[in-house]
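Trainee: I am attaching a structure below and will ask some questions about it afterwards.
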Amino acid sequence: MGAPQGRPARSRRVPHRPRVLDEAVAQAASLRNELHLEFFVTVNVSSVQLHDPGFVDAVRRSLALAGLPPAALVLELTESGSVAEDTIALTRLRGLRALGVRLAIDDFGTGYSSMAYLHSFPVDVLKIDKSFIADLVEGSPDRRLAEELTRLGSSLGLLTIAEGVETEAQHGALDVLGCPLAQGYFYGGALPCDELAASLRVAGTSQRSGSWRSA
């Protein structure tokens with residue numbers, strides 16, 4: 001099942017704290033099995049977690065216990081600048097990638113998240129910072145940057161997600177630019193698990209009826 005083009009990235013984003021990883025993975029596995037939908041769950045990870053020698057094994061155990069496919073878990077680097085030259089953290093990231101877990105760079109194009117780090121990180125997902133999404137009118141600098149970043153992600157074989165989409169105009173512009181996934185308040189805010197399940201049930205019905213386009 002392809003991801004819907006120009007639609008929100010169907011993920012549940014949670015910070016990494018004790019037991020939160022287990023809970024997020026278990027909930028995602030349960031919903032995927034119940035609804036027969038393919039979506040991923042995103043968990044934030046910082047350099048502190050990456051310095052934990054047991055972190056990779058903890059992720060492996062969580063996936064095995066829940067029965068969640070590794071590719072359905074995306075770990076999002078929230079401090080990419082502090083990780084870029086950290087050999088321990090990079091070793092952990094490669095270990096996670098070896099499990100089949102996907103890795104994302106947050107806020108790409110700002111601060112430490114730049115093209116130079118694509119050479120260092122074993123990354124799978126590129127998240128375009130919301131500052132490049134604010135003004136997507138024809139001919140604007142933001143639109144040109146968003147288009148180039150979308151092309152960059154595509155050329156590198158990365159899944160590209162636009163952050164901070166708040167208006168129908170932004171949604172439409174990203175659709176025209178070919179950005180496959182987006183997230184933001186235009187699609188809705190964060191939801192408790194039971195409300196997320198209800199939303200996904202509706203989404204599953206819509207997709208099975210053929211009202212969504214595949215990316």
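Trainee: Scan GLY111, GLY81 and give me the residue that is in a helix (DSSP H, G or I) and at pLDDT below 70. Walk me through how you get there before you give the answer.
Mentor: Details: GLY111 fails: in a helix (DSSP H, G or I).
Answer to the selection: GLY81.
Trainee: Would you be able to tell me the number of residues in segment 152-169 that are out of contact with any Leu (no Cβ under 9 Å at 6 or more places or on another chain), assigned to a helix (DSSP H, G or I) and farther than 23 Å from TYR185 by Cβ?
Mentor: Going through segment 152-169 one residue at a time, the tally reaches 2.
Trainee: If a residue has to be crowded, with 16+ Cβ neighbours inside 10 Å, at pLDDT below 90 and of a type in the set (Gly, Ala, Ser) to count, how many in segment 1-39 make the cut?
Mentor: Residues meeting the conditions: 4.
Trainee: Still on this structure, please answer the following. Go through (1) out of contact with any strand residue (DSSP E or B) (no Cβ under 9 Å at 6 or more places or on another chain); (2) more than 30 Å from HIS36 (Cβ to Cβ); (3) touching a residue at least 40 places away in the same chain (Cβ under 8 Å); (4) of a type outside the set (Lys, Arg) and name the single condition LEU149 misses.
Mentor: (1)
Trainee: Shifting gears a bit: List the residue pairs whose Cβ atoms are under 8 Å apart, where the first residue sits in segment 127-142 and is surrounded by 14 or more Cβ atoms within 10 Å (Cβ to Cβ), the second is of a type in the set (D, E, K, R) and assigned to a loop (DSSP other than H, G, I, E, B), and the two are 6 or more positions apart or on different chains.
Mentor: Qualifying pairs under 8 Å: LYS127/GLU163; ILE128/GLU163; ASP129/GLU163; LYS130/GLU163; ILE133/GLU163; ASP142/ASP135.
Trainee: Quick one: THR42 ticks every box in (1) modelled with pLDDT of 85 or more; (2) not in a strand (DSSP E or B) bar one, so which box is it?
Mentor: Status for THR42: all satisfied but (2).
Trainee: Give me the pairs: first residue in segment 157-177 and within 24 Å of LEU103 (Cβ to Cβ) and touching a residue at least 40 places away in the same chain (Cβ under 8 Å), second residue among the basic types (Lys, Arg) and part of a helix (DSSP H, G or I), beta-carbon distance under 7 Å, and six or more apart or on different chains, which are they?
Mentor: Listed pairs, sorted by first residue: GLU163/LYS130.
Trainee: Please count how many residues of segment 170-203 are assigned to a loop (DSSP other than H, G, I, E, B) and over 25 Å from ALA29 (Cβ atoms). Even if it seems obvious, please write down each step before you answer.
Mentor: In the first step, residues of segment 170-203 are kept if they are assigned to a loop (DSSP other than H, G, I, E, B); the result is 178-180, 183-192.
Now restrict to residues that are over 25 Å from ALA29 (Cβ atoms): 178-179, 184-186.
Adding up the residues that qualify gives 5.
Trainee: Counting only residues that are outside any loop (DSSP other than H, G, I, E, B) and either more than 15 Å from the chain's Cα centre (by Cα) or modelled with pLDDT of 90 or more (or both), how many does segment 46-78 have?
Mentor: Pass one, segment 46-78, residues outside any loop (DSSP other than H, G, I, E, B): 47-50, 55-66, 70-77.
Next, from what is left, pick out any that are either more than 15 Å from the chain's Cα centre (by Cα) or modelled with pLDDT of 90 or more (or both): 47-50, 55-66, 70-76.
Qualifying residue count for the region: 23.
Trainee: When LYS127 is evaluated against the numbered criteria (1) in a helix (DSSP H, G or I); (2) at pLDDT 85 or above, which criterion, by number, is the only one it fails?
Mentor: If we test LYS127 against (1) in a helix (DSSP H, G or I); (2) at pLDDT 85 or above, just (1) comes out false.
The values are calculated or read from the model by the stated rules, or taken from the named source; none is laboratory data. Bear in mind that the values here come from a model prediction, so they are computed numbers and not experimental data. FYI the Cβ positions are ideal-geometry reconstructions off the backbone, even for glycines, and counts take in every protein chain you see.
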